[in-house]
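**Q** The structure follows.
The values are calculated or read from the model by the stated rules, or taken from the named source; none is laboratory data. This one's a predicted model, so the numbers in the text were calculated from it and none came from an experiment. Note: ideal-geometry Cβ built from the backbone for every residue, glycine included; neighbour counts use all protein chains shown.
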């Protein structure tokens, strides 16, 4: 019995030493990770070499000039849409509108924001300045692209409500406990365009073009900033058990609202 008591005390002592060492290792790793995030400058993110140059910011125009150029192109399409009468002609204009929306958000505006710091309470309206949360990143880019969204109200809603505020049910798909590979394959089957994806605790854009399928978002995981990454490689997409996908560029009603500058009311239920 004495031997049993001694053995029990020895085991407890060894377990205590092990837990202290483990706690020390975890503390060091946490401190190193924190230091790495602190040293990361807001605009120092390097665009991966696998990303097409069409995703990188142009040095030929400022953000304000880019926003203005998108507005001019949209106004030209609006005038053309109003000038035609046949369904075929209107469909042709909407096809051009679709291309402009994908290009405006995914290629022209988003790159200016790469490297802008993420923060849960971030509400910046200027790329590279301050910080921005994931919902505000989505609503701000849509607003700057010319969609008459309620920036603050939309940003504060659950991701599925953001999507439902923009597109009809016909253009929404939901995925529960599906592998990331299945999810990305489903996007490829649906076709190129601009999407919004809602996750368990996150929201961002999916851009699918000739370069591939990319996730453009203000990420809450390291490096905690706005970035553009291959969807199939995204830790955030991988970790979410529930995904809801809305295809913005395929909903004609949304495209017409964009052209006609009609208000988009945020759904709260």
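**Q** Starting from residues that are out of contact with any helix residue (DSSP H, G or I) (no Cβ under 9 Å at 6 or more places or on another chain) and crowded, with 21+ Cβ neighbours inside 10 Å, keep the ones in the range 102-141 and report whichever is farthest from residue 161 (Cα to Cα).
**A** Filtering first and then ranking leaves 115.
**Q** Any residue in the range 99-112 that is free of Cβ contacts under 8 Å to residues at least 12 places away in the same chain and part of a loop (DSSP other than H, G, I, E, B)?
**A** Checking the range 99-112: not a single residue is free of Cβ contacts under 8 Å to residues at least 12 places away in the same chain and part of a loop (DSSP other than H, G, I, E, B).
**Q** Another one. Output the residues belonging to the range 117-167 that are free of Cβ contacts under 8 Å to residues at least 60 places away in the same chain and on the phi > 0 side of the Ramachandran plot.
**A** 130
**Q** Hey, does the range 75-85 have a residue that's farther than 17 Å from residue 256 by Cβ, touching a helix residue (DSSP H, G or I) at 6+ places or on another chain (Cβ under 9 Å), modelled with pLDDT of 55 or more and in a helix (DSSP H, G or I)?
**A** Checked the range 75-85: no residue is farther than 17 Å from residue 256 by Cβ, touching a helix residue (DSSP H, G or I) at 6+ places or on another chain (Cβ under 9 Å), modelled with pLDDT of 55 or more and in a helix (DSSP H, G or I).
**Q** Moving to a separate point now. Can you pull out the residues in the range 67-91 that are in contact (Cβ under 8 Å) with a residue 12 or more places away in the chain and either within 23 Å of residue 250 (Cβ to Cβ) or loosely packed, with under 13 Cβ neighbours inside 10 Å (or both)?
**A** Matches in the range 67-91: 70, 71, 73, 74, 77, 78, 80, 81.
**Q** Next question, about the same structure. Here is a check on your reading of the model: is residue 146 modelled with pLDDT of 95 or more, farther than 17 Å from residue 198 by Cα and within 15 Å of the chain's Cα centre (by Cα)?
**A** no
**Q** One residue is enough: does the range 180-199 have a residue meeting the conditions under 27 Å from residue 262 (Cβ atoms) and without any contact (Cβ under 8 Å) to a residue 12 or more places away in the chain?
**A** No, the range 180-199 has no match at all.
**Q** Let me ask another. Please go through (1) under 14 Å from the mean Cα position of the chain (by Cα); (2) part of a helix (DSSP H, G or I); (3) closer than 15 Å to residue 165 by Cα for residue 245 and return the number of the only condition it doesn't satisfy.
**A** Condition not satisfied by residue 245: (2).
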